[in-house]
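The values are calculated or read from the model by the stated rules, or taken from the named source; none is laboratory data. Everything quoted here is computed from the prediction, not taken from an experiment. Every residue, glycine as well, gets a Cβ built from its backbone with ideal geometry; the counts of neighbours run over all protein chains shown. SASA here: full protein model, heavy atoms, side chains in, ligands and nucleic acids out. Shrake-Rupley method; radii C 1.70, N 1.55, O 1.52, S 1.80 Å.
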Amino acid sequence: MNRFENLRKQMIDHQMVARGLRDQSVINAISAVQREEFISKDLVEFAYTDSPLPIAANQTISQPYIVALMTAALELKPDERVLEVGTGSGYAAAVLSKIAKEVYTIERHKILANTARRRLEELGYKNIQVLIGDGTLGWPEYAPFDAIVVTAGGPNVPEALKQQMAIGGRLVIPVGSALHAQKLIRIRRVGKNEYKEEDLGSVRFVPLIGAAGWEDERAIKPAGKKTEENLQELVYKSSEHFASINHINLNNLLKRIGDCRLVLLGEASHGTAEFYEMRARITQELIEKKDFSIVAVEADWPDATYINHYIHGTAPDPLLESKPFSRFPTWMWANHSVHEFIRWLKKHNSVRPQSTKVNFYGLDLYSLYSSMEMVLSYLEKVDPETAEVARLRYGCLMPWANNPEIYGQLTVTKQYRECEKDVLVTLRDLLKKRLEYSFADGEKFFNATQNARLVANAERYYRTMYYAENNSWNQRDQHMFETLQAVLEHKDQEAKVIIWEHNSHIGDARATQMSARGELNIGQLVRQKYGDNAYLIGFGTDHGTVAAASEWGGPMEVKQIRPSNIDSYEHIFHEVRTDNFLLPLRKPLLEITRNKLSAERLERAIGVIYQPETELQSHYFYASLSHQFDEYIWFDETRAVEPLARGVTKDVPDTYPFGL
Ligand code: SAH
């Protein structure tokens, strides 16, 4: 079985059968189509992930599960003739052609239709015909059709399609007055003028544009424009407005945080100065006025250790050195905003007794190589014999230490031995000797243990990345949560912690589209364990500049952020008649605002990668804001972080492959 066949099988098991799809003819058809052939080369590794992907002309290839669901809903028989509206990549047409006798498919974008036609020919599909045109008018020459499927969403059901159905035929189509409010419906033609309609659930598709669809892309307006205007006014009345970060009075925010022991501070991009600076402001006040003593961030453990030593006055400034934070994306931590903040931490600590100094830790797991090195160098000092054994065990992973994502790829083929046991034994050995080692220096022992834990979790992360994407996402967030627990156990269970991570890690995953994919995050885990003792704050912006790369490992660029999508929370906040504000959601100033902000809308996430060209597909997801966060902080216009000038080495991207 080659790599893709394996992934395809995993996709069918995890994304389809696990969700209750039982139709064997559909499963067989999906198994027989090479989805990787329908996707551009640079996205091919995501071919079997549980999501739609961008294709040319700003369109998408549908999520595999949706293709299966719609195909099953058509109840196709082998001798039937089917019409598809919205060829896109040609993938769904290929799936249909494995069941039905003849497939006719229409695409309005010439480039897509031509590419799909050529592709299907090359792959040997003989029973598919592709037409360039407006599918809302159907394809009368070949009517009637036993089944019709529309893979784009329009305001209502085009009459021509109803007319071109055979009696007994089925039409499956997404319909809705706004992008986020589409319903998948099935219409059966039971008589010449008789149709039966069923609702198959909520879906989200690109717009159906044509004579009996939307007029053009810009014509799609959210439903109920009037209530939207009210909502902007409600947000205005329910928020605290401020002019600048330096002059903001945070007393009310501190009151709302009250006795919470964990404050989680998000960001809507990894490259926006205001997000870093505001988090620094809030963190300083929490440290000074509420005795918070731990700052834990979305950076790797070993890198953050350098900062921790620096703020304790025991090491030089790591952001000016070239070693820590030297791998992509360097700007995420080695920037002026962070630099100013850690200098403040150092100054703060310098006049405090040891027991009340602030500590700085990294929760992330991308530092496979340096963590292995740190475990080994620790053991060499305290227990050279065990160090030798550990070196042999880590030898299993060493060949991939600099390219760990390839390790995951290779373990899928089973050609290579999995290193799981070896790395776990090293961690277990360390923990077993806890008393003996930590007697000499508890802090150093703790550091080594955390690195060993990181190696073990990173091994699992990379190994599963190629099986199921959501699984490895979960492992990463679980590792971050586990690390947080270990820090609290090591320091003081009652210690107060501030966490800095991207919104997508911090906003409760249960209130977002992530949960439908089985994904969780640290915000959810923290809420589940600490309940109201945790305060989750999200951040957002409409436009401005951002520091981000165009591809994994690529150079940092200062990019323009596109004004927010019309269906997004950001768009509502942009229309509020003040630029910057704090919006309390746990204890809202007006209850009705919170209620209205719980309706699902799009939300934007910019990671270390920003691709404005495919923004809707690659950077927006659905969420329910007031369930996701306890408070939200808005900056209408933002600017890119400024990287510190230092030596840059190119390596595996720290946040590969998600960019968050
Ligand atoms: N079935 C496709 C999904 C493509 S997305 C796949 O498997 O890849 C929907 C497609 O519908 C887009 O390519 C869009 O350009 C197309 N589309 C939208 N309105 C259309 C119309 N009126 N006629 C034909 N195609 C249309």
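A quick yes/no check of all residues on (1) outside any loop (DSSP other than H, G, I, E, B); (2) among the basic types (Lys, Arg); (3) more than 25 Å from the chain's Cα centre (by Cα):
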{"residue": "Ala243", "(1), (2), (3)": "no, no, yes"}
{"residue": "Asn252", "(1), (2), (3)": "yes, no, yes"}
{"residue": "Glu267", "(1), (2), (3)": "no, no, no"}
{"residue": "Phe275", "(1), (2), (3)": "yes, no, no"}
{"residue": "Met278", "(1), (2), (3)": "yes, no, no"}
{"residue": "Arg281", "(1), (2), (3)": "yes, yes, yes"}
{"residue": "Glu285", "(1), (2), (3)": "yes, no, yes"}
{"residue": "Glu288", "(1), (2), (3)": "yes, no, yes"}
{"residue": "Ala296", "(1), (2), (3)": "yes, no, no"}
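Of all the residues in the range 77-95, those that are of a type in the set (D, E, K, R) and within 8 Å of the ligand (Cβ to nearest atom) number 1. There is no residue in the range 77-88 that is open to solvent by less than 20 Å² (accessible area, probe 1.4 Å), assigned to a helix (DSSP H, G or I) and in contact with a strand residue (DSSP E or B) (Cβ under 7 Å, 6 or more places away or on another chain). None of Arg188, Arg170 is part of a strand (DSSP E or B), touching a Lys or Arg at 6+ places or on another chain (Cβ under 7 Å), at negative phi and open to solvent by less than 20 Å² (accessible area, probe 1.4 Å) except Arg170. If the condition is being in a helix (DSSP H, G or I) and either assigned by TED's automatic domain parsing to the domain that holds Glu570 or open to solvent by 50 Å² or more (accessible area, probe 1.4 Å) (or both), then the range 478-511 contributes Gln478, Glu482, Glu489, His490, Lys491, Asn503, Ser504, His505, Ile506, Ala509, Arg510, Ala511. Could you tell me whether Arg460 is open to solvent by 10 Å² or more (accessible area, probe 1.4 Å) and assigned to a helix (DSSP H, G or I)? Yes, satisfied. Evaluated against (1) within 12 Å of the ligand (Cβ to nearest atom); (2) surrounded by 24 or more Cβ atoms within 10 Å (Cβ to Cβ); (3) assigned to a helix (DSSP H, G or I); (4) not hydroxyl-bearing (Ser, Thr, Tyr), Val26 falls short on exactly one condition, (1). Would the range 271-288 turn up any residue that is without any contact (Cβ under 8 Å) to a residue 40 or more places away in the chain and touching a Leu at 6+ places or on another chain (Cβ under 6 Å)? Yes, the range 271-288 has at least one match.
Any residue that is part of a strand (DSSP E or B), within 28 Å of the chain's Cα centre (by Cα) and not assigned by TED's automatic domain parsing to the domain that holds Ile282 - is there at least one of those in the range 350-360? Taking every residue of the range 350-360 in turn, at least one turns out to be part of a strand (DSSP E or B), within 28 Å of the chain's Cα centre (by Cα) and not assigned by TED's automatic domain parsing to the domain that holds Ile282.
Within the range 180-209, residues that are under 13 Å from Ala73 (Cβ atoms) have Cβ atoms under 7 Å from residues that are of a type in the set (S, T, N, Q) and within 16 Å of the ligand (Cβ to nearest atom) in these pairs: Val203/Gln182, counting only partners at least 6 apart in sequence or on another chain. From the list Ile111, Ile106, Ile99, the lone residue that is aliphatic (A, V, I, L, M), within 12 Å of the ligand (Cβ to nearest atom) and under 29 Å from Gly191 (Cβ atoms) is Ile106. Quick check: is even one residue across the range 111-119 within 18 Å of Ser31 (Cβ to Cβ) and assigned by TED's automatic domain parsing to the domain that holds Ser51? Scanning the range 111-119 turns up no residue that is within 18 Å of Ser31 (Cβ to Cβ) and assigned by TED's automatic domain parsing to the domain that holds Ser51.
In the range 544-566, the residue that is surrounded by the fewest Cβ atoms within 10 Å (Cβ to Cβ) out of those that are farther than 30 Å from Asn230 by Cα and β-branched (Val, Ile, Thr) is Val558.
Checking each residue in the range 131-161 for being β-branched (Val, Ile, Thr), more than 9 Å from the ligand (Cβ to nearest atom) and in a loop (DSSP other than H, G, I, E, B) picks out only Val157.
Among the residues examined, Ser438 does not qualify as surrounded by fewer than 17 Cβ atoms within 10 Å (Cβ to Cβ) and of a type in the set (Ser, Thr, Tyr). When Ile128, Ile106, Ile55, Ile39 are screened for being under 30 Å from Phe621 (Cβ atoms) and either without any contact (Cβ under 8 Å) to a residue 40 or more places away in the chain or of a type in the set (Asp, Glu) (or both), only Ile106 passes. Considering the range 309-325 alone, what residues qualify as being within 15 Å of Ala645 (Cβ to Cβ) and open to solvent by 90 Å² or more (accessible area, probe 1.4 Å)? Of everything in the range 309-325, just one residue is within 15 Å of Ala645 (Cβ to Cβ) and open to solvent by 90 Å² or more (accessible area, probe 1.4 Å), namely Leu320. Within the range 358-382, the set of residues being open to solvent by 20 Å² or more (accessible area, probe 1.4 Å) and over 15 Å from Arg460 (Cα atoms) comprises Ser370, Glu373, Met374, Ser377, Tyr378, Glu380, Lys381, Val382. One residue alone among Leu231, Leu265 is open to solvent by less than 20 Å² (accessible area, probe 1.4 Å) and modelled with pLDDT under 95, and that residue is Leu231.
Considering only residues in the range 118-130 that are within 13 Å of the ligand (Cβ to nearest atom) and assigned to a helix (DSSP H, G or I), the one that is surrounded by the most Cβ atoms within 10 Å (Cβ to Cβ) turns out to be Leu120.
Restricting attention to the range 56-76, the residues that are within 11 Å of the ligand (Cβ to nearest atom) and either open to solvent by less than 30 Å² (accessible area, probe 1.4 Å) or in a helix (DSSP H, G or I) (or both) total 11.
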